[in-house]
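The values are calculated or read from the model by the stated rules, or taken from the named source; none is laboratory data. Note that the structure is a prediction, hence the values are computed from the model and not measured. Note that we place each Cβ from the backbone using ideal geometry, even for glycine, and neighbour counts take in every protein chain shown. The area values use the complete protein model at the heavy-atom level, side chains included, leaving out ligands, DNA and RNA. Shrake-Rupley method; radii C 1.70, N 1.55, O 1.52, S 1.80 Å.
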Amino acid sequence: MVELDVFLLLGDDLAAKNIKIRQFRQKFLGQIKEVVDFNIDEVDGENLTLKELQETLKRLPLNSKKRLLIIRNTDCLDESASQFLSEFIFNISKFPFKILLSTKEDKKNSANRLINNLNQAKNVRVIYCRQKREARVFDLARLVMEEGNAVASLQVLNRLLDEGKPAQQILGGLFWYWNNASPIKNQSGLKKDLGLFIEADAKIKTGKVAPELALELLVVKLCR
């Protein structure tokens, strides 16, 4: 099994990246503050020169097998520093280093050119730190009306409810999509689905069942 020496935090979720960085510090260098402080270099690619990078990668660990180099904003590295880092990573097994890179996800920037250079390296792992966009009623409607995927539909429905979307708004969005954009069905299917919408609307308005449950029942029945 190949030992992983390089980890790339890729995406725009800064909070997730900070959590990962703390976890890596603890995992690789332990809890002893003096050891951690000495054996960790954390730099910003926006201000990092090739000479500074080279000097950093010459340092040796103290009371540890490895040093940890963290480079934030790797996408801001200039071309010479990026090329040097790429070559170093290909030969990193010869050096006492673990490297943690943090970068935005942009196909045009230098970080992604670096990623392309490292695609063949077996000791590199990419960890995606992407911000999750808010769920949309459109996503739910498409899963229900076009794919009939009950499991995925309920997951999206729960996200919508967790994000505070009103049940009546979700129901209205589903009905609009069913009425305007869903694939054409036969008359008996249309009549049956319309009945399901009317039933769910009545349950929500009268409070006979919880709005969340009414929507869940609707989604499951529409997916059948």
Backbone HN-Hα couplings from phi across segment 211-219 [Karplus 6.51/-1.76/1.60, Hz, Gly and Pro as x] = x, 4, 5, 4, 5, 4, 4, 4, 4
Return the long-range amide H neighbours of ILE127 (sequence gap of 5 or more, or a different chain), with a cut-off of under 5 Å between placed amide H atoms.
-> LEU8, LEU9, LEU10
Using θ = phi - 60° and the Karplus curve 6.51 cos²θ - 1.76 cosθ + 1.60, what whole-Hz ³J(HN,Hα) does each residue of segment 8-19 get, with Gly and Pro shown as x?
-> 10, 8, 10, x, 10, 8, 5, 4, 5, 5, 4, 5
Counted charge near LEU4, where neighbours are those whose Cβ lies closer than 10 Å (Asp, Glu -1; Lys, Arg +1) = +1
So, in nm, how far is label GLU212 from label GLN26 when the simple model puts each one 7 Å beyond its Cα toward the Cβ?
-> 3.0 nm
Ranked from the most accessible area to the least, with a 1.4 Å probe and all protein chains present, what is the order of ASP193, ASP201, ASP162, ASP37?
-> ASP162, ASP37, ASP201, ASP193
Determine the sum of side-chain charges near ALA81: Lys and Arg each +1, Asp and Glu each -1, restricted to other residues whose C-beta is under 10 angstrom from that of ALA81.
-> -2
Just the accessible area for GLU42, please: 1.4 Å probe, Å², rounded to the nearest 10?
-> 80 Å²
